[in-house]
Structure formats: structure tokens, C-alpha cells
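Undergrad: Once you've had a glance at the structure underneath, I'll fire off some questions.
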Amino acid sequence: MIVSSSLRVALIRASPLLAIFFIVPACLILARGGSGQESTTSTTSVYVSTRQTSDVRTLNKTTVYLQRQMTSFADMATSSIVLAPVITELALDTSPKQLARQLTVSYQTGFIIDLTATSASPGESRLLTQSVGEALATQIMAISPVGADGMSVVDARTTGTLVGTDTAVAAWRTAGLAAFFGLALATSWVLYRYATDDRIATADDMLEITTAPTVARLRHHRRRPAEPNSQDEHEMERLDVACRASRSVGAAVVVFASTDRTPSAVVIVDRLAQQMSASGRSCVVREAVPGDDDLLRADRERHELIAVVGPQSSPHDSAHAAAVDAVVVVVTLRRTTSDGLISTIEGFEHVGTRVLGLVVSPAPRWWDGHRRSSRDEPASDKDHTVIGSTT
């Protein structure tokens, strides 16, 4: 299966997001609860019923009383009136409020209240729920009405304790869910970026945007690659020939237009000037089209190419479009957008400037650097001159 370059780039850029939302939550959850220790859950049931009596009227009144009070009895299980005697009996180093957090009280319908506690020790959880259940049954009978014989009309007792052992797999389950949702979030982000990404990833992508020819396709972004590259030298020679052929008499004025915020256009012009200088040909680099006709005429007579690159070389800021012979549009892969390329070409066509073609440059890398150094200076100031904006 062939994966498009745009999707591949989106996946590479999403790798930090995958690590944050997929790996990190799983590791944190497993580190906190993935030891695999066993835990014991004990559940004690308290059954509340009416005391046996032959008086039907008293039996009915007691049944109605229980139906109304069962919710209050369940709430009383976590109150201090029940838990304080348990703490004293078991000699626990805790408070009723803290002990209440360890208990789970459930009551649905009927006359049964379930008390559940979880602990690493099987005996501890069983003893806790039994003690709380017995204390709750005692308090229920103590606060209930009494009959003619002076005894409570309500009978409450524990019906047994259910003990279950569970290995601590909750951490693995939680980690799996966290990783799944994290992966889903990261994948959604990747697909969203892929669907909305307007940047040009490959040279083939430009075929769907413009019919302008490609006059050079470079492999290195730096002004002077660490190792000589015959393919880049051949591409720069193609660019040199195309630029000089754009005018039959005198030096051609060629604007190198950037389509993004990278210094690709400056780097390409610098490399072109160096190659022309090494071949014995002259080139002058300016930041704007000369506004003085005499200066422009002198440049055409003394040099073989006038390369214009800089902040004043955009189609909207060029006040001397008639003096420009051709435009070379610089496309930086994974930086230039489709809209940026189209607007640049249409801008020059609007002022009547011929688009000579496209130069494709790879995206700059963080270790390339773009500051000029001594080894980046031209070999001859006479052949390669960098001049600021002229008026």
C-alpha cells in the first residue's frame, strides 16, 4: 500500500502527540496501579424485618414503618453513631469520616442493606464489613419503636459475608482505555491535519496547481552543501541557462520570488551567483529592480545576469515590472502552500511579468543554518556583488 507523502509527513509530525496521548497515560497508570497485587472484596448484608407477632394491626404498622425508613437506615451505615463503636472495637487508627470512605452502601428495594469494603487483606475486609453490619443492626433496633412487651418491633441481623478475590487488573484495563482513546485522539488530529494541509509535499503536487515548468529541482537547501552534489550542480546550470536565455541582448533581469517565509530564494540566488562566478560569468544580486535607467543599463552591459531577491521583489511592491524580463518562483517543499503558489504566480501575471518557471527546494533543516559565514562569501566581489535597495 502506497502512503501519500502528505499523510506520511502528518504522521511524522504527530509522533510527539502519539507519545503524549498514547504512551504516557498508559505508563503513568501502570506505574501507579499495575503491581498485580490481589485485593479482597467483602460484602455483608443486613436484613431488616418485622418482629413476629400475632397482632395484625401492629404487623401492618411496622411494615409501613420499615418501607419508609429503609433509606434512612442505609444512610446511617456511614454515620459516626455506627462507625465510632466499630473503630473502638477493632482499635482502628482512623476517624469515622475516613472509615466511611472505605465503605460502599447499597440499597435498592426490599429490606436488605449491602455493605462492601475492599482491602489487600482478606481478613481485614471481612472483619470490617461484619463489624459495621452488626453495629448497624444494633442501632436500627435501638431507634425503632417498641411493642407492648418493651422490645423493638423491628428485627435486624446480618445474613452472612461474601468474600471475593480480585487481581489488580484495573490498572491494565484503565491503561488500555487511556491508550485507546489517546490513539483515537491522535489519529483524528493526524487525519484532520492531512485533510486541511494545503502545503506542497512533493514536486508532483505542483502539476495539479500550475502549468509552469520546473527549471531546477534541488536536493540540498544549504548555500554550499557539505559534499559536492553533481545533481544539484546540474540543476543550477539549468537554472543559469534558463535565466540568461530570458533576454537576447544584455543581462536579463530575473526576479526570484519566494512563496513562503523561509530564506530559500536567497539561498538559491547565492548558490547560483557562486556557480556563475566559478564558471567565469558575472552576476549582480540586488534587493530591488534598479529605478535608475542609467544604473540598469550599466548593469546590463557589465553583467550577464541581474538577480533580484529581497523584500521588495514581490509582485505588488515592484514598481518597475516593465524592466523585469522574467520571474523564477521558488517553491519550498512542506512550506509553500497551494494558495501561496497560486497567488504569487497570478500576482506577477497581473502586472504583465512572464513566469519563467519554478525552482523546487527542499525544506530547510534546523542544523542547516542560514547566516552568512566566511565560507559563504563569494569568491570574487567583482563578479558577485550583493547590493542593498537602490533608488
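Read-outs throughout are calculated quantities, based only on the coordinates presented, and are distinct from any laboratory measurement. Everything quoted here is computed from the prediction, not taken from an experiment. Quick reminder, even Gly has a Cβ in these numbers, built from the backbone with ideal geometry, and neighbours come from all protein chains shown.
Undergrad: Using θ = phi - 60° and the Karplus form 6.51 cos²θ - 1.76 cosθ + 1.60, what ³J(HN,Hα) does each residue of the range 55-72 get, whole Hz, x for Gly and Pro?
TA: Using θ = phi - 60°, the values come out as 7, 5, 5, 5, 5, 5, 5, 5, 5, 5, 4, 5, 4, 7, 9, 4, 5, 5 Hz.
Undergrad: Using packing as a proxy for protection, rank 126-137, 78-89 so that the peptide with the highest average count of other Cβ atoms within 10 Å comes first.
TA: Going from most to least packed, we get 126-137, 78-89.
Undergrad: Related question: Quick one: check the C-alpha center-to-center distance for the range 248-310 versus the range 57-97, whole angstrom.
TA: Their Cα centres are 93 Å away from one another.
Undergrad: Follow-up. For Cα pairs less than 8 Å apart in space and 6+ apart in sequence, what is the mean separation divided by the residue count of the range 38-167, i.e. the relative contact order in percent?
TA: Relative contact order of the range 38-167: 44 percent.
Undergrad: Collect residues whose amide H, placed 1.01 Å from N in the peptide plane, falls under 5 Å from the amide H of Thr50; neighbours closer than 5 in sequence don't count.
TA: Hits under the 5 Å cutoff: Asp155.
Undergrad: Right, next: If each residue of separation counts as 0.36 nm, what is the full-extension length gain between Thr187 and Val351 once their alpha-carbon separation is subtracted?
TA: Result for the pair: 54.6 nm of gain on full extension.
Undergrad: Same structure, new question: Give the Cα extents of the range 38-167 along the principal axes, in whole Å, largest first.
TA: Projected onto the principal axes, the Cα atoms of the range 38-167 cover 51, 27, 19 Å.
Undergrad: I've got another one for you. Compare the peptides 111-118, 45-52 by average per-residue count of other Cβ atoms within 10 angstrom and give them in order, highest first.
TA: Going by the mean number of other Cβ atoms within 10 Å, highest first, we get 111-118, 45-52.
Undergrad: Further question: Highest mean first, how do 67-73, 199-205 rank when packing is the count of other Cβ atoms within 10 Å averaged over residues?
TA: By packing density, highest mean first, the sequence is 199-205, 67-73.
Undergrad: Are there GluC sites (Glu not before Pro) in the range 227-307 that DSSP marks as loop and that have at most 16 other Cβ atoms within 10 Å, and which are they?
TA: Glu287
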